[in-house]
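Here's the structure, in structure tokens; my notes come after.
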Amino acid sequence: MQSLWNEQEAALFQGDLGLRVYTSRLLGRDKSLVLHGGGNTSVKVRARNLVGDEEHLLYVKGSGWDLEFIEEAGFSPVRMAHLLKLAQLKALSDPQMVNELVTSLTRASAPAPSVETILHALLPHKYVDHTHADAVLSITNTVDGPKRIAEIYGNQAVVIPYVMPGFDLARLCAELFPVQAGPQTTGMVLLNHGIFSFGATARESYERMIHLVDLAERYLAGKKAWHLASATTSVPASSQRIEIATLRREVSKCAALPMIMATHQNARATAFARRPDLARITQQGPATPDHVIRTKRLPMLGRDVAGYAPAYGEYFKQQASMAKEPKTMLDAAPRVVLDRDLGMCTVGRSVKDAAIVADLYHRTMDVIERATLLGGYQALPAKDIFDVEYWDLEQAKLRKAGAAPLFAGEVAIVTGAASGIGAACVAALLKRGAAVVGLDIAPGIAGQHKRADFLGIQCDVTSISGITDALETAVRTYGGLDILILNAGVFPGGATIATLDDKSWRTVMNINLDANLALLRECYPLLKLAPNGGRIAAIGSRNVAAPGPGAAAYSASKAALTQIARVAALEWGADNIRINILHPDAVFDTALWSADVLAERAAHYGISVENYKKRNVLKTEITSRDVGELAAEMCGPLFAKTTGAQVPIDGGSERTI
Ligand code: ZN
């Protein structure tokens, strides 16, 4: 491990806090030191307050900031004097501690200080750096961990037995640090947790961290336990979507909420999931205080899988206080499922959470494998897991947190998603918290939204392999299917029956009817596995009830689609799948309606374009957005008890009312 300190870069940062920002970012750049908000840093400064009194302040990393991208605003200024008095208390509950920390801030807008704030205050050095370095975790999570740490560091580091982060840990450090620390001491190892370094300057503290971690890495390398063999396992390409969606349903059942589940079949994850000793090495307890492991019997899959929950990682601790949504960390669902055939499946209430779990577990695999090479992985005893689960700070945060978005943890597919009503459905579903898979024949669909909860797949829905490939990808990415919006369709130029050729008729029927039948058939087994029941919205047309001349193929295709949807409502009600139909009319902000066509139609009726757009009972304009919003709501609780219904969205039609 090398120091990343660079004089030119450092010169861009001014003052004690500026340099604190700089070296914090250096730590954050190395993912083997800190990941996703893990780790924290601080600096102690003296400053004059508004009334001229000098105050001793601890600037400590605040909640919700990642070291890699931290700025001065990400450090919370806390009054040292009060922190040092708190450290003298015999006991302090976590909610009390949070209250004391927040009320000791000197800037009202500062983020909540880290749960390790008191510990930072206690260490008698200006700069303090703390990481969860892989190498230190690999060594401390073994049977002989404490002995090995003593061998590596001697009097360079104070060693603290494992205690949950929070007041009790600070208290223990307050007791042990003065007794153990000597002139050679540059750091402090927290067994099964991480490592601290400290110094008089930002650079000294940072480079001591690098040096201490480097010693651990060299020790591992000397024991042939640092470099891991690169995995070369190939991944089976067979269809696994039903198996994956079944597993996701089981996991969601454990959580009592729908969950996103991402399947990772990279060589690294697959090789790990296929280790013959997997059950033994993954069921010993958490690899770090951030992680809780469980084993779960999943009867529907017919086999045991190793489950893993990064239950109360510092990431979640810090995010939970900021987030509007409760982190559902008290549920019994595993957050990682390892399976020989499926590889690594990571679970979260959102796509982002599932991705964080994947990052954390990729690192945990390294820690476990290195500790195993070192002579045997051994994590914390079960009691600590209990402590983690019932940590009152977490519970308080859960109570405080607000309601989840309507479709949190759910997955939707929209066809014809690149433009018009389809694009509006995608937007409406994303807004309501769903992960959305957009299918469209237009290649631009792939880049339509650059966000992790949207997956655009170029797909010709008239091709059965196109549909099944897309479903396979969708389920591997998000875990299953809850909502299907059948929107893709074409409206060819007017042709009377007398002039309608077979080819045009077939094209319309292929896209508007046959493709939807195939989609319904292929999605059915997945929708049946939706934790809260499957929902389908089919985009019909006002033409079904009130056809117009020159649109035989279009009107017939939409009428037949409506009829198929009604039959599906009858056939699938027992599977808790509901399907409803929207009949939009005069939605002019779609690709079908150019300004020229609009002007031509308006002229045909001898009215203005404006009036032509509002040619309905309510004299209102209907937009794609209106239709997308209604389609999303028809998949929500408002329509929970409605199936097989047809809802017009046309401003009122004199021909159908
Ligand atoms: Zn920590």
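The values are calculated or read from the model by the stated rules, or taken from the named source; none is laboratory data. All figures in this text were calculated on a predicted structure; none of them were measured in a lab. Quick reminder, even Gly has a Cβ in these numbers, built from the backbone with ideal geometry, and neighbours come from all protein chains shown. Surface areas here come from the heavy atoms of the whole protein model, side chains and all, with no ligands, DNA or RNA. Shrake-Rupley method; radii C 1.70, N 1.55, O 1.52, S 1.80 Å.
Working note: Karplus 6.51/-1.76/1.60 with θ = phi - 60° gives the stretch 338-347 the couplings 10, 9, 4, 8, 8, x, 10, 10, 10, 10 Hz, where Gly and Pro are set to x. The dipole here belongs to the chain: it is taken about the Cα centre, uses +1 on the Cβ of Lys and Arg and -1 on the Cβ of Asp and Glu, and is about 780 debye. Put +1 on the Cβ of every Lys and Arg and -1 on every Asp and Glu Cβ in the chain; which of M209, Y554, I281 then has its Cα farthest towards the positive end of the dipole? Ranked along the dipole, the leading option is I281. Counted by Cβ distance under 13 Å from G456, the other residues give a net charge of 0, where Lys and Arg count +1 and Asp and Glu count -1.
Our summary gives the stretch 7-222 a relative contact order of 20 percent, counting only alpha carbon pairs under 8 angstrom and 6 or more residues apart. H362 sits among other residues whose Cβ lies under 10 Å from its own Cβ, and their net charge, with Lys and Arg +1 and Asp and Glu -1, is +1. Peptides 506-512, 446-452 ranked from most to least packed, by the mean per-residue count of other Cβ atoms within 10 Å: 506-512, 446-452. Projecting the Cα atoms of P124, T643, A538 onto the charge dipole of the chain, computed from C-beta unit charges around the Cα centre, puts T643 farthest toward the positive end.
Against the empirical 2.2 N^0.38 Å (N residues), the stretch 1-94 has a Cα radius of gyration ratio of 1.24. Amide hydrogen proximity for Q378: with H placed 1.01 Å from N in the peptide plane, the residues at 5 or more positions away or on another chain lying under 5 Å are T142, V143. Neighbours of R625 by Cβ distance under 12 Å: Lys/Arg scored +1, Asp/Glu scored -1, total -3. Working from Cα pairs under 8 Å separated by at least six residues, relative contact order for the chain is 10 percent. Protein heavy-atom accessible surface, 1.4 Å probe, per residue over the chain: 41 Å².
Averaging 1/r over each pair of different alpha-carbon atoms in the chain and inverting the result gives 27.7 Å, the Kirkwood hydrodynamic radius. Distant-in-sequence amide contacts of L486, defined by a placed amide H-H separation under 5 Å and a gap of 5 or more residues or a different chain, comprise A537, A538, I539.
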